[in-house]
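> One structure follows; several queries about it will come next.
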Amino acid sequence: MRARVGAFLHWLFEASLLAKGLFALTETLSGVVLLVLRDGYLVELAQRVTLHELSEDPRDVVANALLHGAQSLSVETQSFYGIYLLSHGGLKLAAIVLLMRGILWAYPAAIALLGAFIAYQLYLWSLHHDPMMLALTALDLLVIALTWREWRVRRGLSFGGR
């Protein structure tokens, strides 16, 4: 029974790495896109996407929010988000690749990195009370627990702390 639980937890660890890796790749690519887009492109794109909907209903909440969001995004803000997404996603992607390769020092490094992300996510939550930050934090805590367990198993230590 214990072996089956261990196998399931190992599978869950690998599945969480895959999910986090796909998300990190998306973040990284989004950051690159934001950094290479020319000024004003997002506004033009939002205008094209919302043109039909706003011509039918000028008070459409979603279309107006999208257009307003694009119009209020300054070049500096776009650059900030580009750099943030590129670095955040890139760091996570590097950590995940190292974990997938089984590099021992990557386990505590990934735990520390995720801990820093959790601290930042909780800071953002304290400012905006966005439930998504709590959901990301819960997922990161799960990944930390799985990473800690996997690290101990790879080092030949029991998870119970004997």
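Only the coordinates and a few stated rules stand behind these numbers; no lab work does. No experiment lies behind these values; they were computed from the predicted model shown. Note that each Cβ is placed from the backbone with ideal geometry, even for glycine, and that neighbours are counted across all protein chains shown.
> Being among the β-branched types (V, I, T) and farther than 30 Å from V43 by Cα is the filter here; which residues of region 71-116 pass it? If you could, list the steps in order and put the result at the bottom.
So in region 71-116, the residues among the β-branched types (V, I, T) come out as 75, 77, 83, 96-97, 103, 111.
Within region 71-116, I96, V97, I103, I111 qualify.
> Within region 25-39, is there a residue that is exposed (fewer than 12 other Cβ atoms within 10 Å of the Cβ) and in a loop (DSSP other than H, G, I, E, B)?
Yes, there is a match, as at least one residue in region 25-39 is exposed (fewer than 12 other Cβ atoms within 10 Å of the Cβ) and in a loop (DSSP other than H, G, I, E, B).
> Can you tell me which residues in region 1-13 are without any contact (Cβ under 8 Å) to a residue 12 or more places away in the chain and either within 19 Å of T147 (Cβ to Cβ) or not hydrophobic (A, V, I, L, M, F, W, C) (or both)? Steps first, please.
First pass over region 1-13, keeping only residues without any contact (Cβ under 8 Å) to a residue 12 or more places away in the chain: 1-5, 7-8, 11.
R2, R4, V5, A7, F8, W11, listed by residue number.
> Would you list the helices (runs of 4 or more DSSP H) that sit entirely within region 53-162 and hold 3 or more residues that are under 22 Å from F23 (Cα atoms) and touching an Asp or Glu at 6+ places or on another chain (Cβ under 8 Å)? Walk me through how you get there before you give the answer.
Details: elements: 61-71, 75-100, 106-128, 131-154.
Once the helices (runs of 4 or more DSSP H) in region 53-162 are filtered for at least 3 residues that are under 22 Å from F23 (Cα atoms) and touching an Asp or Glu at 6+ places or on another chain (Cβ under 8 Å), what remains is 75-100, 106-128.
> Looking at the structure I just gave you, is T137 within 30 Å of R2 (Cβ to Cβ), over 13 Å from the mean Cα position of the chain (by Cα) and touching a residue at least 12 places away in the same chain (Cβ under 8 Å)? Break it down into steps so the answer makes sense when it comes.
Working: within 30 Å of R2 (Cβ to Cβ): yes; over 13 Å from the mean Cα position of the chain (by Cα): no; touching a residue at least 12 places away in the same chain (Cβ under 8 Å): yes.
It is false that T137 is within 30 Å of R2 (Cβ to Cβ), over 13 Å from the mean Cα position of the chain (by Cα) and touching a residue at least 12 places away in the same chain (Cβ under 8 Å).
> Another question about this same structure. Can you find even one residue in region 80-96 that is more than 21 Å from S30 (Cβ to Cβ) and free of Cβ contacts under 8 Å to residues at least 12 places away in the same chain? Outline the logic, then answer.
Step one: list which residues in region 80-96 are more than 21 Å from S30 (Cβ to Cβ), which gives none.
Checked against the condition, which is being more than 21 Å from S30 (Cβ to Cβ) and free of Cβ contacts under 8 Å to residues at least 12 places away in the same chain, region 80-96 yields no hits at all.
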